[in-house]
């Protein structure tokens, strides 16, 4: 494992911890899209089916279990926790995420590494992860104001994507047979979706001002 | 028929 991959995994983990911190400390999930969180839970559940069939390393197994458990915990909190549920911006979170699920599933039936149950769900999870942030970005755009922890949550998620691209470049150079086109192309699409957010994040950071997205 | 590589990333 190279340093970029590790940094990517850690920023991914930090983003989830920041989100959990926001929900537990403020008992509020305002500004957080439940639809994006449900998509991430589905991403992890379908991608890590290999927990039962392939063992890579203790690190991989533990991280997979942490990602599954934390994403389910966040969805549970936003749906079931009485105080947290009240703060959910339901009327702003109207992205039709079922279309994303259907489109990604169709694509995974056509474009996969092998036409098997596990490989189709793996491809599905990669495609779905690439677009899962969309409901969250739409919600932020609509509400305009972004609180600090929510801004940092999306920032760390974007950093995770950026580190994974560096990881692929590194692996492409150092490993003779490295070719993961499905993951790489989807990853680049996913990172590009953050570009706009990053621009405004850095502007606000440079001016030491509150993060605001244009309407 | 090439086998897919093991998915070793998260």
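What order do you get for A:174, A:11, A:94 when you list them from fewest to most C-beta neighbours inside 10 Å?
Values: A:174 9, A:11 19, A:94 14.
Fewest-to-most Cβ neighbours within 10 Å comes out as A:174, A:94, A:11.
Want the number for residue A:45 to residue A:103: 0.36 nm per residue separation, take away the alpha-carbon distance, what's left?
Numbers: separation 58, 0.36 × 58 = 20.88 nm, distance 1.79 nm.
Fully extending the segment from residue A:45 to residue A:103 adds 19.1 nm.
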Inset, instruction - Please grab the % of Cα pairs in segment A:1-115 that end up more than 16 Å from each other. - result: 67
Inset, instruction - Using label points projected 7 Å from each Cα along Cα→Cβ, tell me how many nm separate residue A:175 and residue A:54, to one decimal. - result: 1.0
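Taking Rh as the Kirkwood radius computed over C-alpha pairs, what is the Stokes-Einstein D of chain A at 25 °C in a medium of viscosity 0.890 mPa s, expressed in µm² per second?
Numbers: Rh = 18.0 Å.
Rounded to a whole number, D works out at 136 µm²/s.
Between residue A:21 and residue A:195, what is the FRET efficiency for a Förster distance of 25 Å, r being their Cβ-Cβ separation, to the nearest 0.05? Please report the intermediate quantities before stating the final value.
Working: r = 26 Å, r/R0 = 1.04.
It comes out at approximately 0.45.
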Legend entry - residue A:145 paired with residue A:203, simple spin-label distance in nm, labels 7 Å along Cα-to-beta-carbon: 1.9
Legend entry - Fraction of the pair-distance distribution of segment A:133-176 above 15 Å, Cα-Cα pairs, percent: 56
Legend entry - Debye intensity ratio I(q)/I(0), log10, segment A:148-215, q values 0.14, 0.24, 0.27 Å⁻¹ (C-alpha model): -0.52, -1.00, -1.16
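If I take every Cα pair under 8 Å that is 6 or more residues apart in chain A, average their sequence separation and divide by the length, what percent do I get for the relative contact order? List each step's numbers first, then the result.
On the way: 247 pairs, mean separation 67.3, N = 215.
Relative CO of chain A lands at 31 percent.
Would you order A:62, A:154, A:18, A:75 from fewest to most other beta-carbon atoms within 10 Å of each residue's own beta-carbon? Walk me through the numbers on the way to the answer.
Working: A:62 10, A:154 25, A:18 20, A:75 17.
With the fewest neighbours first, A:62, A:154, A:18, A:75 line up as A:62, A:75, A:18, A:154.
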Inset, instruction - Return the inverse of the average 1/r over all pairs of distinct C-alpha atoms in segment A:95-157, which is the Kirkwood hydrodynamic radius, in Å to one decimal. - result: 13.2
Inset, instruction - May I ask you to derive the relative contact order of segment A:1-113, considering only C-alpha pairs under 8 Å and at least 6 residues apart, and to give it as an integer percent? - result: 35
Legend entry - segment A:104-215, relative contact order in percent, only Cα pairs under 8 angstrom and at least six apart counted: 33
Inset, instruction - Determine, for A:157, A:137, the number of other Cβ atoms within 10 Å of each Cβ, and report the residues in order from fewest to most. - result: A:137, A:157
Inset, instruction - From the C-alpha gyration tensor of segment A:87-215, pull out the three semi-axes of the equivalent ellipsoid (sqrt of 5λ each), sorted largest to smallest, in whole Å. - result: 30, 21, 9
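Every read-out reported here was derived from the displayed coordinates using simple, explicitly stated rules and does not represent laboratory data. Computed from a prediction, not measured in an experiment: that's the story for all the values here. A quick note on method: Cβ atoms are made from the backbone with ideal geometry, for glycine too, and the neighbour counts reach across all protein chains shown.
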